[in-house]
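Novice: Have a look at this one before I ask anything.
Derivation of every value follows stated rules applied to the coordinates shown; laboratory data play no part. Since we're looking at a predicted model, the values are computed, not measured. Note that we place each Cβ from the backbone using ideal geometry, even for glycine, and neighbour counts take in every protein chain shown.
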Amino acid sequence: MSAENPDFLRDTRTAYDTIAYDFDKQFPAEGLAGLVLERALFGAFAEWVGANRASGRSAAPVADLGSGPGHITARLDALGLPVFGVDVSPRMVELARRAYPELRFHVGSMTSLDLPASTLGGIVALYSIIHVPDDQLPATFAEFERVLVPGGYVLLAFQAGREEGNTEHLHLDERFGHEISLDYYWRDPDTVADLLKQAGLRPHTQVVREPQEGEVRPRAFLVARKDTA
């Protein structure tokens, strides 16, 4: 595969095209009601991005990268952010467009965004960097830094690894009864924060919550900001 379309992108796209409808049923929009911390962080993120806009530095939109069926994109829209969704899976984009026809959703990859430099006021990537291999993550965060305006924010969420400084890797050949090939990477939050910093995104907020009912791993939330200079 070419550098623009490495194997992991192809496998991730195919996997989510295969499980899209089952995934949407398993994680419906109504599930956000029980995620109190997440909803609070969305609100804080919206205020931080809004303050950057109010300062006159930017009226740029927010991109929800790995937007899936569009539920988080819709939540951010309800909070007053100009937002659009991007997902590597055409079938996920189809579901999102059907559920939220008033919003914009595009097929694309967070590793190579079809956007000019300094065009986004914020980036949200919830449980999507978990499919990016270690050797691709620094370049992915450099891409985030490239497309953000000065002072722009990134909000990440991911299942945290249990081994400090190390990545735990899982490969699945089946999910929801479908044959797939999908890799998951669970990382120490401090390691991810260091990679953001190396990419020019200064860590701003870091929160880890313990697993809730039905979850196995802690959830990590990181907010980082591009320097205003």
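Novice: Taking the square root of 5 times each eigenvalue of the Cα gyration tensor, what semi-axes in Å does the equivalent ellipsoid of segment 170-221 have, largest first? Working shown, then result.
Specialist: On the way: eigenvalues 154, 55, 11 Å².
Largest first, segment 170-221 gives 28, 17, 7 Å.
Novice: Moving on. For segment 110-217, what is the largest minus smallest coordinate of the Cα atoms on each principal axis, given in angstrom and ordered from greatest to least?
Specialist: So the three principal-axis extents are 42, 29, 25 Å.
Novice: Provide Rg and Dmax in Å for segment 99-163, with only Cα atoms included in the calculation.
Specialist: 13.1, 42
Novice: Relative to the compact-globule scaling 2.2 N^0.38 Å, provide the ratio for the alpha-carbon radius of gyration of segment 16-71.
Specialist: 1.46
Novice: Before rounding to the nearest 500, sum -39500 (n - 2.57) across all DSSP H runs of length at least 4 in the chain and divide by the residue total; then give [θ] at 222 nm in deg cm²/dmol. Display every interim value, and only then the final one.
Specialist: Working: 6 runs with 78 residues, N = 229.
Estimated from H runs of four or more residues: -11000 deg cm²/dmol.
Novice: Next question. Evaluate the distance, in nm, between pseudo-label points positioned 7 Å from the Cα of ARG104 and of GLU174 along their respective Cα→Cβ axes.
Specialist: Modelled inter-label distance: 4.2 nm.
Novice: Let me ask something else about it. Rounded to the nearest 0.05, what FRET efficiency do PHE27 and ASP194 give with R0 = 41 Å and r taken as the Cβ-Cβ distance? Could you check?
Specialist: On the way: r = 30 Å, r/R0 = 0.72.
In this case the efficiency is close to 0.90.
Novice: Now a separate question. Give me the Debye-computed log₁₀ of I(q)/I(0) at q = 0.10 Å⁻¹ for segment 5-139, equal point scatterers on Cα only, no solvent, two decimals.
Specialist: With no solvent term, the Cα-only Debye profile gives -0.33.
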